[in-house]
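Chemist: Pasting a structure below so you can have a look.
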Amino acid sequence: MDFGGGDEIRFERQGRVGIATLARPRALNALTLTMVRGLAKALDAWEADDGVAAVLVRGEGRAFCAGGDIVQVYEARGRGNPPVGFFAEEYQLNARIARLKKPYIALIDGIVMGGGVGISGHGSHRVMTENALFAMPEVGIGFFPDVGGSHLLPRLAHHFGFYLGLTGNRIPYGDALWSGLATHTIKAADQEAFVASLAESGDPDAVLADYHAPAPRESEQAVLDAIDDHFSKDSLVGVVSSLEEAAGRDEFAARTLATMRSRSPTSLNVAFREIASGAALSMDDCMRMEFRILNRMLAGHDFYEGIRAAVIEKGTAPAWQPARLEDVDEAEIDAYFAPLGDRELTL
């Protein structure tokens, strides 16, 4: 079964389920345009096929999908050709997944970050094993939580999405289940049996009733209470001030503040606003907002500087512009959200 994925994403029909397997394990299944286009074609075909009751997406190797190929983004800038088109098709796919009329099961057994969240977080069933590790680390590379992060993160329990988006911190599967990022958790050893049962019945709810093994929440209640308190503020300044006030007596607040201070000040401001705005927007409107932000990020400084420091010259410190939260110009943040005219994302 070939939907144009080449050797980067495999497609097969197993019983009543269409299965897509991300097949770039050495690159942690980082998304390419070929993969995005292949999965989009598969969804169109499988949605129209009465013999396919559900779609399942999984990753090969130790990652579900660790994001997009940001080195290609960096290199494209050097050629004077920022990859706006790639992001447009990726965002269209994210919105397509959210609109799919059949069950969409993401089987997450390993790392899921960035673009991997975009092809898993908007499906009807988000199934994680104990090997799953979730993060939206974009503010650490001068970017923002995209691929529908503005729709997903504000809907998590107790302001947990603001915490994840503004720190980029990783969480295990127990916290993912508690917060609502995962809908179910199963044992890694049960994956193949789960897929076989799903292929036979085509009913993910019935199958998950047998395989769901609830994961215990891993963060302590005191930490979750602190997150709910600090990240419930109505502005980024309020969040930072709350953490500063508690940092002298609370290790969590001090550690979280230090993490945020290391992130791009511009990205933090953009991220807070997009997550707060996304709470009242549809998925499609969130994607249009994110595409506006994306275009300005690709024309700016910090995204490329973050890639340089994290990947190109790995281990070096990024030089953000501006370097301090206090120096961010609110009018410049406004510009990230301005309409694009005839360049708006079409969905």
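The values are calculated or read from the model by the stated rules, or taken from the named source; none is laboratory data. Model, not experiment: these values are computed from the prediction. Here Cβ is always computed from backbone atoms with ideal geometry, including for glycine, and neighbour counts include all displayed protein chains.
Chemist: Of the numbered conditions (1) within 21 Å of GLY121 (Cβ to Cβ); (2) among the charged types (D, E, K, R); (3) in contact (Cβ under 8 Å) with a residue 12 or more places away in the chain, ARG26 satisfies every one except a single condition; which is it?
Modeler: ARG26 satisfies all of (1) within 21 Å of GLY121 (Cβ to Cβ); (2) among the charged types (D, E, K, R); (3) in contact (Cβ under 8 Å) with a residue 12 or more places away in the chain except (1).
Chemist: Restricting attention to helices (runs of 4 or more DSSP H) lying wholly within segment 267-339, give those where 1 or more residues are among the polar types (S, T, N, Q) and either more than 22 Å from the chain's Cα centre (by Cα) or closer than 19 Å to ASN94 by Cβ (or both).
Modeler: Helices (runs of 4 or more DSSP H) meeting the threshold: 283-298.
Chemist: A follow-up question, please. Check whether at least one residue in segment 103-111 is over 19 Å from the mean Cα position of the chain (by Cα), under 30 Å from SER201 (Cβ atoms) and in a helix (DSSP H, G or I), and report yes or no.
Modeler: Kept after step one, since they are over 19 Å from the mean Cα position of the chain (by Cα), are these residues of segment 103-111: 103.
Still in the list and also under 30 Å from SER201 (Cβ atoms): 103.
Those still in the list that are in a helix (DSSP H, G or I) too: none.
No, segment 103-111 contains no residue that is over 19 Å from the mean Cα position of the chain (by Cα), under 30 Å from SER201 (Cβ atoms) and in a helix (DSSP H, G or I).
Chemist: Residue under question is LEU298, and the condition is that it be crowded, with 22+ Cβ neighbours inside 10 Å and among the aliphatic types (A, V, I, L, M); does it hold? Can you show your working first?
Modeler: Details: crowded, with 22+ Cβ neighbours inside 10 Å: no; among the aliphatic types (A, V, I, L, M): yes.
It is false that LEU298 is crowded, with 22+ Cβ neighbours inside 10 Å and among the aliphatic types (A, V, I, L, M).
Chemist: What's the number of the condition GLY168 fails, among (1) under 11 Å from the mean Cα position of the chain (by Cα); (2) without any contact (Cβ under 8 Å) to a residue 40 or more places away in the chain; (3) on the phi > 0 side of the Ramachandran plot?
Modeler: (2)
Chemist: Related question: I'm trying to understand the selection: among the residues of segment 235-266, which are in a helix (DSSP H, G or I) and of a type in the set (Lys, Arg)?
Modeler: Residues satisfying the conditions are ARG255, ARG261.
Chemist: OK, next. Could you check segment 69-102 and list, in sequence order, the residues that are under 17 Å from PHE291 (Cα atoms) and basic (Lys, Arg)?
Modeler: If the condition is that a residue be under 17 Å from PHE291 (Cα atoms) and basic (Lys, Arg), then ARG96 is the only one that fits.
Chemist: I need the full set of residues from segment 228-244 which are surrounded by fewer than 18 Cβ atoms within 10 Å (Cβ to Cβ) and within 25 Å of ASP329 (Cβ to Cβ), in order please.
Modeler: Listed by number, the residues that qualify are LYS233, ASP234, SER235, VAL237, GLY238, SER241, GLU244.
Chemist: Would you check which residues across segment 155-182 are surrounded by fewer than 19 Cβ atoms within 10 Å (Cβ to Cβ) and polar (S, T, N, Q) and list them?
Modeler: ASN169
Chemist: Could you give every pair whose Cβ atoms fall below 6 Å, whose first residue belongs to segment 218-240 and is more than 14 Å from PHE252 (Cα to Cα), and whose second residue is assigned to a loop (DSSP other than H, G, I, E, B) and modelled with pLDDT of 95 or more, counting only separations of at least 6 or pairs across chains?
Modeler: none
Chemist: Is it the case, given these coordinates, that THR256 is in contact with an Asp or Glu (Cβ under 6 Å, 6 or more places away or on another chain), surrounded by 13 or more Cβ atoms within 10 Å (Cβ to Cβ) and of a type in the set (Val, Ile, Thr)?
Modeler: no
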